[in-house]
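Just so it is clear, none of the values below were taken in a lab; they were calculated from the coordinates. Predicted model, so just to flag it, every value in this text is computed and none were measured. Counting neighbours? That spans all protein chains shown, and the Cβs are built from the backbone with ideal geometry, glycine included.
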């Protein structure tokens, strides 16, 4: 699925869809993407300016490869605690808050990883 949003706010409730991949591009605004129960394997999110919130906290049936590019604004990612998670971060300006993740250089993992 490909979604392009110019400017504005959007709540994308995609958690019940049987998606294999999602390519989301947002210009400016606030976007929430609910993928909590999806079967997604590939995720690409690109946000120009604004806030993006991606919920992938539900039960995972397979690996997920995701690339999330935030511009000016905040990016929030909800992940399950019982599934091993490895996140590579390349950030510019702004703060980075990682609740429950362990930092090793530009890589963050949770307790279940490995």
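Quick notes on this structure:
- Residue 30-residue 67 FRET efficiency (beta carbon distance; Förster radius 35 Å; 0.05 resolution): 0.95
- Within the range 1-63, percent of DSSP bridges classed antiparallel, to nearest 5: 0
- Length added when fully stretched, residue 16-residue 41, from 0.36 nm per residue minus Cα-Cα: 7.6 nm
- Antiparallel content of DSSP bridges confined to the chain, in %, to 5: 15
- Share of Cα-Cα pairs in the chain lying beyond 19 Å, as whole percent: 45
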